[in-house]
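Peer 1: My structure is below; once you've seen it, I'll send some questions.
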Ligand SMILES: Nc1ncnc2c1ncn2[C@@H]1O[C@H](COP(=O)(O)OP(=O)(O)OP(=O)(O)O)[C@@H](O)[C@H]1O
Ligand SMILES: [Mg+2]
């Protein structure tokens with residue numbers, strides 16, 4: 001080990017420890033502390049100058065009260081459950097919307113595909129916030145959609161979509177669509193076309209060939225896409241706070257409000273720790289899936 | 001390699017006064033517990049074309065990488081010109097390596113690839129250009145100087161890699177299966193080209209190959225390796241004619257191996273009894289072998305003659321039935337089964353047209369060979 | 001995939017892309033609306049662009065955002081490339097698993113958690129919040145994206161190229177500079193662009209890390225659109241969308257042209 005190598009490893013390592021790992025430990029620690037009307041608004045504050053004794057009293061003052069509080073208050077339960085529900089439902093809707101697009105792209109001829117690909121990626125480079133915002137003008141009571149529908153005489157009172165969970169679903173599906181389309185397209189694109197021909201040769205109709213061959217073979221892409229939508233949707237903050245209403249409960253929004261509005265840092269930290277625990281299972285499943293894919297490709 | 005008789009024989013390994021360029025002194029290399037190179041000692045002399053031959057995984061690449069400086073010996077010393085290489089990093093070694101994958105820099109042109117090493121040497125700027133041109137001429141790529149590696153053919157790429165490693169005129173050039181990716185015809189052309197270049201530049205070549213024919217064609221000496229050990233180091237003709245073990249005899253070319261017991265019959269002459277009802281094999285050997293020693297008798301198929309009648313003038317003759325004939329164009333191989341079930345291969349040059357050939361399946365024939373045609377091997 | 005482009009495919013593509021692009025087209029259209037009432041069309045006008053340009057607060061926020069994006073993406077590219085090199089070429093070292101875990105975890109971490117944890121860190125070490133802390137925060141999560149992009153390039157990179165460079169007399173650093181870097185440069189550049197975009201785009205982490213003294217453009221946009229649609233924001237969005245569109249199209253044309261050029265050269269090479 002020479003000096004250069006140590007420097008090369010230590011620089012990014014130290015950076016991540018200082019700005020990723022340590023902050024987490026702090027969150028965890030504060031989640032075990034108490035709310036206090038002071039600055040910072042929690043106690044105990046660890047006092048290094050008090051030495052080992054100070055550390056012991058510090059430890060003895062930590063407890064799981066915040067977690068007890070979270071499990072006692074059904075606001076949090078509901079927020080977690082409704083986050084899971086909203087993330088799951090929007091993932092399914094995204095899948096249903098994305099699959100035909102990915103399928104159509106894979107069937108398009110070679111000249112078109114790079115352009116189609118670019119059209120799917122382009123929204124990803126534009127601001128997320130703006131893409132969410134663009135739906136406010138469409139979904140609100142005097143919005144574009146209601147005006148069209150009213151103008152056409154389809155409805156006579158404006159639909160109240162804005163500030164409901166429906167608007168949140170629309171927002172998630174819209175913003176995360178590329179994450180679903182791309183992995184599915186990738187698996188469909190490299191599929192061997194003669195498989196479909198073989199299936200048809202063996203007596204399948206086009207539709208049953210799709211169900212029996214295409215769909216099962218695109219499963220890895222579907223799974224990857226679902227995780228790529230579900231995981232970030234679970235902790236989403238911007239969409240529920242712009243498109244959702246006061247009754248839309250999502251855990252990211254709850255955390256934000258605990259922190260910025262109630263200034264209850266210990267509870268906000270406890271909410272964060274539980275959100276993380278919720279995320280660990282899908283993240284591990286996702287990693288497994290990716291690992292399997294990599295091995296299958298080798 | 002037939003050499004004109006007038007030329008002085010190049011054999012510094014027989015000259016006790018000659019100083020080797022490269023010395024491996026009991027070099028061992030372990031990867032964890034696995035022993036990749038096992039106590040290897042070799043001397044390689046300046047201007048040699050030294051070939052490493054051996055089955056896959058026997059440690060040829062590892063040996064080279066230690067010379068180039070990418071691996072460190074676990075034990076032992078490697079000397080270049082008498083100096084220990086242990087603490088010399090790869091970039092300070094007077095060796096250059098031609099990689100099996102060529103490792104041409106894809107972002108640089110052919111010209112820049114060849115100049116790459118020169119720019120990092122003490123060579124004055126003004127001399128780099130002419131040197132690159134000279135190298136390009138040598139490998140006949142002058143027209144392709146501005147191309148990128150992906151714009152030339154596989155054979156041309158291989159020659160760029162060669163030119164690049166030659167450009168710095170290293171004391172030692174390491175070639176790791178340089179011709180592995182080429183088709184047979186191109187490979188043979190390049191082999192001669194390599195020998196030509198070696199003669200012109202006087203560089204010492206160490207070449208790794210899987211292809212024994214290649215080793216025989218190009219090398220001044222061949223080292224046969226197995227499981228990290230050196231089994232035999234010798235000139236190609238001696239490796240072929242006088243293998244020191246069954247392993248080497250079997251590894252290089254086709255061979256019949258017969259197990260038996262030797263008993264001395266005279267000055268350097270032995271009789272090998274090897275099967276009930278078969279005559280003893282008369283063979284010669286310089287080694288002293290005690291009576292009753294178990295030995296292997298190895299004989300190349302092309303040293304065995306095949307005839308309808310028993311030849312009178314040959315020391316050994318056995319009778320058998322033709323089991324199989326393999327027609328290979330210039331030669332045919334006959335598999336002959338003897339009365340005791342032993343299978344002997346004999347090779348005959350096809351100097352006549354097919355229709356005129358005399359032997360066919362199931363014919364009874366005589367196989368014969370002289371007493372110096374084969375060798376007696378102890379292991 | 002056999003290409004049998006049917007009416008079904010055409011319809012699904014049309015509807016799909018309409019869904020992706022109509023909201024933005026509507027937004028762009030309304031940015032040229034004369035009326036303050038966003039939903040009523042009152043004639044073409046560019047007056048909102050005029051007002052936007054004279055809105056000091058937005059301009060300041062834009063400057064802050066650009067500063068943060070340039071700095072954080074540059075640091076992130078440096079650190080991320082180092083991290084990728086360590087992951088792929090670093091061999092074994094103590095705590096390697098933790099290291100690769102810390103590279104991948106931020107990619108799936110919800111912004112609220114990342115933001116909260118960084119804020120708590122800044123407060124507990126008494127760091128004054130402002131542009132500096134946003135840069136620190138953005139560098140941290142962007143470097144992970146950069147490192148994923150660069151390491152996937154490095155993983156397919158033949159190590160014997162580096163060995164060849166050493167063999168020809170390069171020092172390890174020289175080998176990295178003159179062989180490795182030029183070859184992975186496209187990945188490093190895309191990593192930088194990705195980090196830049198992520199930084200421009202980020203609302204949540206910046207809100208936690210910023211404190212009262214610095215406001216980024218997304219924060220400004222967020223606080224104005226919470227109250228509903230505003231024509232100035234429409235104008236701003238239009239400008240941002242146009243910049244990105246022009247950028248992406250140019251980039252793809254350039255890469256397409258270089259592919260075409262490369263093919264032509266290859267063909268020329270074959271013919272000779
Ligand atoms: N870095 C390494 N770590 C562990 N084992 C290694 C390493 N490099 C080589 N080996 C092992 O050492 C042995 C010799 O490898 P080496 O590459 O020298 O073989 P080789 O003779 O060049 O084979 P081939 O003809 O197939 O190229 C092999 O069994 C290989 O698995
Ligand atoms: Mg090898």
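Values in this text are rule-based calculations from the coordinates and carry no lab data. Since the model is a prediction, treat every value here as computed from it, not as a measurement. Methodologically, a virtual Cβ is constructed for each residue, glycine included, from the backbone with ideal geometry; neighbour enumeration extends over all protein chains shown.
Peer 1: Any chance you could list the semi-axes, whole Å, largest first, of the equivalent ellipsoid that the Cα gyration tensor gives for region B:155-238, using √(5λ)? Provide the component values of the computation, followed by the final result.
Peer 2: Details: eigenvalues 89, 48, 31 Å².
Whole-Å semi-axes of the equivalent ellipsoid: 21, 15, 12.
Peer 1: Still on this structure: I'm checking a number: the convex hull volume of the Cα atoms of region A:230-298, normalised per residue, in Å³. What is it?
Peer 2: Working: hull volume 6.8 nm³, N = 69.
Roughly 98 Å³ of hull volume per residue.
Peer 1: Still on this structure, I have one more. So what's the angle, to the nearest 10 degrees on a 0 to 90 scale, between helix C:181-201 and the longest Cα principal axis of chain C?
Peer 2: That helix lies at roughly 20 degrees to the long axis.
Peer 1: Another question, if that's okay. Translational diffusion coefficient, Stokes-Einstein: compute it for region C:1-156 using the Kirkwood radius over C-alpha pairs as Rh, at 25 °C and 0.890 mPa s, and state it as an integer in µm² s⁻¹. Kindly include the intermediate steps, with their values, before the conclusion.
Peer 2: Values: Rh = 20.3 Å.
After rounding, the answer is 121 µm²/s.
Peer 1: Give me a single rounded figure for A:96-107: the average over its residues of other chain Cβ atoms within 10 Å of their Cβ. If you can, show how the numbers build up before the last one.
Peer 2: Values: counts 0, 5, 1, 2, 7, 9, 3, 5, 12, 5, 4, 11.
Partner Cβ neighbours, averaged per residue: 5.
Peer 1: Using just the C-alpha positions of chain B as equal point scatterers, what log10 of I(q)/I(0) does the Debye formula give at each q in 0.08, 0.10, 0.11 1/Å?
Peer 2: At q = 0.08, 0.10, 0.11 Å⁻¹ the computed log10 ratios are -0.53, -0.78, -0.89.
Peer 1: Sticking with this structure for a sec: What is the packing order of peptides C:133-139, B:346-352, taking the mean over residues of other C-beta atoms within 10 Å and listing the highest first? Mind showing how you got there, number by number?
Peer 2: Working: C:133-139: 25.6, B:346-352: 14.1.
Final packing ranking: C:133-139, B:346-352.
Peer 1: Give me the Kirkwood hydrodynamic radius of region B:1-137 in Å, from all C-alpha pairs, to one decimal place?
Peer 2: Details: mean 1/r = 0.0564 Å⁻¹.
Evaluated over region B:1-137, this radius sits at 17.7 Å.
Peer 1: Among B:208, A:22, A:168, what is the fewest-to-most ranking by other Cβ atoms within 10 Å? Walk me through the intermediate numbers first.
Peer 2: Details: B:208 21, A:22 17, A:168 25.
Going from sparsest to densest Cβ surroundings: A:22, B:208, A:168.
Peer 1: Same structure again: In what sequence do C:82, B:216 fall when counting other Cβ within 10 Å, fewest first? The partial results should precede the final answer.
Peer 2: Details: C:82 23, B:216 20.
So the residues, fewest neighbours to most, are B:216, C:82.
Peer 1: What Kirkwood Rh does region C:129-198 have if only Cα atoms enter the pairwise 1/r average? Answer in Å.
Peer 2: On the way: mean 1/r = 0.0740 Å⁻¹.
Result for region C:129-198 stands at 13.5 Å.
Peer 1: Over the Cα atoms of region C:70-184, Rg to Rh with Kirkwood Rh, two decimal places? Let's see the in-between values first.
Peer 2: Working: Rg = 16.8 Å, Rh = 15.8 Å.
So for region C:70-184, dividing Rg by the Kirkwood Rh gives 1.06.
Peer 1: Something else about it: Expressed as a whole percent, how much of the Cα-Cα distance distribution for region C:48-93 exceeds 15 Å? Intermediate results must be reported in sequence, preceding the final value.
Peer 2: Working: 648 of 1035 pairs.
Result for the distance tail: 63 percent.
Peer 1: Over the Cα atoms of region A:72-297, how large are the radius of gyration and the largest Cα-Cα distance (Dmax), in Å?
Peer 2: So, for region A:72-297, Rg and Dmax equal 20.5, 67 Å respectively.
Peer 1: For region A:97-229, take N as its residue count and report Rg(C-alpha) divided by 2.2 N^0.38 Å. List each step's numbers first, then the result.
Peer 2: On the way: Rg = 18.8 Å, N = 133, 2.2 N^0.38 = 14.1 Å.
The value comes to 1.33.
Peer 1: Let me ask something else about it. What ranking of A:172, A:148, B:258 emerges when the number of other C-beta atoms within 10 Å of each C-beta is taken as an exposure proxy, fewest first?
Peer 2: Values: A:172 26, A:148 12, B:258 18.
Final ranking by Cβ density, sparse to dense: A:148, B:258, A:172.
Peer 1: Kindly express, to the nearest 10 degrees and within the range 0 to 90, the angle between helix A:265-297's C-alpha long axis and the longest C-alpha principal axis of chain A.
Peer 2: The angle comes out near 40 degrees.
Peer 1: For region B:244-324, what does the convex hull of the Cα positions come to per residue, in cubic angstrom?
Peer 2: Details: hull volume 10.1 nm³, N = 81.
Enclosed volume per residue, from the Cα hull, is 124 Å³.
Peer 1: Taking Cα atoms, how many degrees apart are the long axis of helix B:125-138 and the longest axis of chain B, rounded to 10 and kept between 0 and 90?
Peer 2: Long axis of B:125-138 versus the principal axis of chain B: about 30 degrees.
Peer 1: Another one. Averaging over all projection directions, find the projected area of the Cα convex hull of the protein assembly as shown and quote it in nm² with one decimal place. Write out the running numbers ahead of the final one.
Peer 2: Numbers: hull surface 231.3 nm².
Its average projected convex-hull area is 57.8 nm².
Peer 1: Other chains' Cβ within 10 Å of C:183-189 residues: what's the mean?
Peer 2: Details: counts 4, 0, 1, 0, 0, 0, 0.
Mean number of neighbouring Cβ atoms from other chains: 1.
Peer 1: Obtain the radius of gyration and the Kirkwood radius of region C:143-260 from its C-alpha atoms and give Rg over Rh.
Peer 2: On the way: Rg = 20.5 Å, Rh = 17.8 Å.
Radius of gyration relative to Kirkwood radius: 1.15.
Peer 1: Let me know the whole percent of all Cα-Cα pairs from region B:255-377 that are separated by more than 25 Å. Don't skip to the answer; put the middle values down first.
Peer 2: On the way: 1830 of 7503 pairs.
Percentage above 25 Å: 24.
Peer 1: Additional query: Taking 20 °C and 1.002 mPa s as the conditions, I'd like the Stokes-Einstein D for chain C in µm²/s, using the Kirkwood hydrodynamic radius from alpha carbon pairs.
Peer 2: Details: Rh = 22.2 Å.
Translational diffusion coefficient: 97 µm²/s.
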